[in-house]
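For reference, the structure is listed below as structure tokens.
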Amino acid sequence: MDTIIGHERILDFFRTVIDKGRLSHAYCLSGPEHVGKRRIVEEVSSIILGVPREKLLTIPDYTVVAPPVDEKTGVQKRDIDVDAIRDLRTTLSRFSFLGGWKIAVIDGAERLNQSSGNALLKTLEEPAPKTVLFLVTSNDADMPATILSRCQTISVAPVSCDTIRIALEKSGSLHADAEEMARLSR
């Protein structure tokens, strides 16, 4: 998990709960766009499943749900529909393919509509053993309180430019280049 810059506290938290066998059934990672929420989830998931992060999407025990893309227009739809959550519930009800954990990521969880939110609620209320749900959102205020109350919320804040610059310099970037890249990353 050393390749993630600036979220050491969050990564240390997950290392601890994994090592102690105290993973919760659901986490909500909330924060602005492009601060590393998905990257954190991928890194933690790779540790839980024991597979390299690059291989996650090839593992049947790792599922990602996001608002679908309209086939005609190529534009992402506004909501995550109820069918996607019902399919997820079916997937999570099965035994693990690898014999261990199952992980589901709901990317853009603030885009659950009322029907899909209610369908997800059943999964959160009666989680399957050795199953972890990660809800990733830019705005947890837009999510139903009933869903949030069943998740452990983790706030992911932007990383300071100084932290990014220092990490880039440690990795071999020249000071001026690291400073410019950190400034551009905002």
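The values are calculated or read from the model by the stated rules, or taken from the named source; none is laboratory data. The model shown is predicted, which means the values in this text are computed figures rather than measured ones. Positions of Cβ are generated from backbone atoms using ideal geometry, with glycine treated the same way; all protein chains shown enter the neighbour counts. Protein only, heavy atoms only, side chains kept; ligands, DNA and RNA dropped before computing areas. Shrake-Rupley method; radii C 1.70, N 1.55, O 1.52, S 1.80 Å.
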**Message:** Here is the link list: 20/170; 77/122; 77/102; 20/102; 72/102. Which ones come out longer than 28 Å on Cα distance?
**Reply:** 20/170; 72/102
**Message:** Can you list, by residue number, the Cys in the chain that have no neighbouring cysteine C-beta under 4.7 Å?
**Reply:** 161
**Asked** Let a ≥ b ≥ c be the square roots of the eigenvalues of the Cα gyration tensor of the stretch 29-76; is it rounded (a/c under 1.5), or, if not, prolate (a/b larger than b/c) or oblate?
**Response** oblate
**Message:** Given all pairs of different Cα atoms, what value in angstroms does the Kirkwood hydrodynamic radius of the stretch 65-147 take?
**Reply:** 13.4
**Fill in**
Residues other than residue 152 with Cβ under 13 Å of its Cβ, Lys/Arg counted +1 and Asp/Glu -1, net out at +1
**Request:** Take every Cα pair under 8 Å in the chain that's 6+ residues apart, average their separations, divide by the length, and report that relative contact order as a whole percent.
**Result:** 30
**Complete:** Per DSSP, the loop-located chymotrypsin sites (Phe, Trp or Tyr not before Pro) within the stretch 90-186 having at most 14 other beta carbons within 10 Å are 95, 97
**Request:** Scan the chain and report its longest stretch carrying no GluC sites (Glu not before Pro) that are both in a DSSP loop and have at most 11 other Cβ atoms within 10 Å.
**Result:** 72-186
**Message:** On C-alpha positions alone, give me the angle between the axis of helix 161-170 and the longest principal axis of the chain, in degrees, nearest 10.
**Reply:** 70
**Cα shape, the stretch 1-58, gyration tensor, a/c 1.5 rule** = rounded
**Message:** How large is the Kirkwood hydrodynamic radius of the stretch 1-97, counting all unique pairs of alpha carbons, in Å?
**Reply:** 15.5
**Message:** Restricting to Cα pairs below 8 Å that are 6+ residues apart, what does the relative contact order work out to for the stretch 21-92? Please round to a whole percent.
**Reply:** 15
**Request:** Report, to the nearest 10°, how far helix 175-185 tilts away from the longest principal axis of the Cα atoms in the chain, using its own Cα long axis and a range of 0 to 90°.
**Result:** 30
**Request:** Considering only protein heavy atoms, with the full assembly of protein chains and a 1.4 angstrom probe, order 164, 85 by accessible area, largest first.
**Result:** 164, 85
**the chain - mean residue ellipticity at 222 nm from DSSP helices (-39,500 (n - 2.57) per run, n ≥ 4, rounded to 500)** = -12000 deg cm²/dmol
**Asked** What's the angle, to the nearest 10 degrees (0 to 90), between helix 8-19's Cα axis and the longest principal axis of the chain?
**Response** 50
**Request:** Please give the length that would be gained between residue 118 and residue 83 if that part of the chain were fully extended, namely 0.36 nm times their separation in residues minus their C-alpha to C-alpha distance (nm, one decimal).
**Result:** 11.4 nm
**Additional length obtainable on full extension of the chain from residue 58 to residue 3, 0.36 nm per residue less Cα span** = 17.6 nm
**Asked** How much of residue 149 can a 1.4 Å solvent probe reach, expressed as accessible area in Å² and rounded to 10?
**Response** 80
**Request:** Keeping all protein chains in position, work out how much accessible area residue 181 exposes to a 1.4 Å probe, and write it in Å² to the nearest 10.
**Result:** 90
**Prompt:** So how do 133, 57 rank on accessible area, 1.4 Å probe, biggest first, that is with the largest at the start?
**Reply:** 57, 133
